[in-house]
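Just below is one structure, and these are the notes that go with it.
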Amino acid sequence: MLDQPVARSATQLPLAVAGLCFRAGGSTLINELDLILTDHGITVVMGPNGAGKSLLVRLLHGLIEPQSGSIDWNGKGCGQHTRLRQAMVFQKPVLLRRSVAANVDFVLRLKGIADRERLEQLLAQANLLAKADQPARALSGGEQQRLALARALASDPDVLFLDEPTASLDPSSTQTIETAIAEASGRGVKIVLVTHDAGQARRLANDVVFIHRGAVIEHAGADGFFKQPASMAARDYLAGKLVI
């Protein structure tokens with residue numbers, strides 16, 4: 001588990017979610033979900049397939065709207081003003097049809113920053129500086145995901161959502177991404193990370209939100225969660241058993 005970072009002066013915490021519901025196709029996918037996040041650091045969201053993990057972070061980021069319930073970011077709702085201080089990296093990166101450098105530079109310029117040094121710093125952190133002039137979509141899967149993370153960090157977000165960012169990646173790319181996540185957290189960026197990888201969760205998490213059947217059934221500090229999970233579903237999940 002990582003040390004708790006120092007809070008940034010501009011923050012969207014606390015996050016308070018109450019009675020959140022989302023339904024689609026006749027099914028309730030998020031069911032009266034409650035969640036409170038008060039601390040900076042890395043919150044890992046875990047749970048079995050179909051539990052609602054990816055759906056939850058999309059709701060928190062305001063990409064989709066719930067049918068009922070509330071999402072409150074530091075006294076504000078989940079609107080455009082909130083999303084401008086957040087960023088998200090998806091499992092499958094979506095990149096511009098531009099060079100590697102231009103993908104990151106595009107975001108820097110949107111933020112009013114024309115800084116070659118910052119651009120090169122972000123690319124170096126992603127181990128992509130040598131490929132700065134190559135087409136972004138010609139990169140390997142791991143390289144594309146590292147670029148997607150670099151581009152997200154270029155926006156200097158208060159909150160960074162990551163939805164399975166290292167799924168199916170090689171160990172080298174996974175290590176690069178985990179290092180960048182830890183460094184961002186150390187600068188005070190609030191990280192909300194969805195992962196199915198218990199090893200990754202143990203390496204990175206400050207706290208764990210465990211979701212089952214569309215609801216939070218456990219939210220605890222990482223040490224306590226991994227040593228003695230309170231729910232049977234979490235115990236079975238960590239033991240590698242099928243959780244339905």
Amide H partners (placed H, <5 Å) of residue 47, local residues excluded:
211
Considering Cα pairs under 8 angstrom that are at least six residues apart, work out the relative contact order of the chain and quote it in whole percent.
30 percent
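Given the convex hull of the Cα atoms of the stretch 4-89, what is a quarter of its surface area in nm²? It would help to have the intermediate numbers written out before the result.
Numbers: hull surface 24.8 nm².
Average of the hull's projected areas for the stretch 4-89 equals 6.2 nm².
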Excluding near-sequence neighbours (fewer than 8 apart on one chain), the chain holds lysine pairs with C-alpha atoms under 26 Å apart numbering 14
Can you give the accessible area of residue 241 in Å² (nearest 10), computed on protein heavy atoms with a 1.4 Å probe?
120 Å²
If I fit a long axis through the Cα atoms of helix 100-110 and take the longest principal axis of the Cα atoms of the chain, what angle between them do I get, 0 to 90°, rounded to 10?
80 degrees
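Return one whole number: the accessible area per residue of the stretch 25-161 in Å², for a 1.4 Å probe.
Values: 6560 Å² over 137 residues.
Normalised by residue count, the accessible surface of the stretch 25-161 is 48 Å².
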Please give me the summed charge of the neighbours of residue 18: other residues whose Cβ is under 14 Å from its Cβ, Lys and Arg +1, Asp and Glu -1.
-3
Just need log10 I(q)/I(0) for the stretch 43-99 at q = 0.21, 0.27 Å⁻¹, Debye formula, equal scatterers on the alpha-carbon atoms, no solvent, rounded to two decimals.
-0.96, -1.25
Ratio Rg/Rh [Cα only; Rh per Kirkwood] for the stretch 198-237:
0.93
Once all Cα-Cα distances of the stretch 98-142 are split into 10 Å bins that start at 0, what whole-number percent is in each one?
30, 57, 13
With Cα springs under 10 Å, the Gaussian network model of the chain assigns the largest mean-square fluctuation among 166, 11, 195 to 11
For the chain, modelled as a Gaussian network with Cα springs under 10 Å, which listed residue fluctuates most, 222, 126, 167?
167
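Using per-residue counts of other Cβ atoms within 10 Å, averaged over each peptide, order 13-20, 25-32 from highest down. It would help to have the intermediate numbers written out before the result.
Details: 13-20: 17.1, 25-32: 13.1.
Going from most to least packed, we get 13-20, 25-32.
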Relative contact order for the stretch 12-96, counting Cα pairs under 8 Å that sit 6 or more residues apart, in percent:
34 percent
Between the helical axis of 171-186 and the dominant principal axis of the chain, each derived from Cα atoms, what acute angle in degrees is found, rounded to the nearest 10?
80 degrees
When the C-alpha atoms of the stretch 93-190 are aligned to their principal axes, what extent does each axis show, in angstrom, from largest down?
32, 31, 20
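Starting from the alpha-carbon convex hull of the stretch 17-176, give the projected area averaged over all orientations, in nm². Provide the component values of the computation, followed by the final result.
Working: hull surface 42.3 nm².
Projected over every direction and averaged, the Cα hull of the stretch 17-176 covers 10.6 nm².
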If you build a Gaussian network model of the chain, linking Cα atoms that sit under 10 Å apart, which residue out of 228, 125, 175 swings the most?
228
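The values are calculated or read from the model by the stated rules, or taken from the named source; none is laboratory data. This one's a predicted model, so the numbers in the text were calculated from it and none came from an experiment. All Cβ positions, glycine included, derive from the backbone under ideal geometry; neighbour counts span all protein chains shown. Side chains are part of the model used for accessible areas, which takes the heavy atoms of the whole protein and leaves out ligands, DNA and RNA. Shrake-Rupley method; radii C 1.70, N 1.55, O 1.52, S 1.80 Å.
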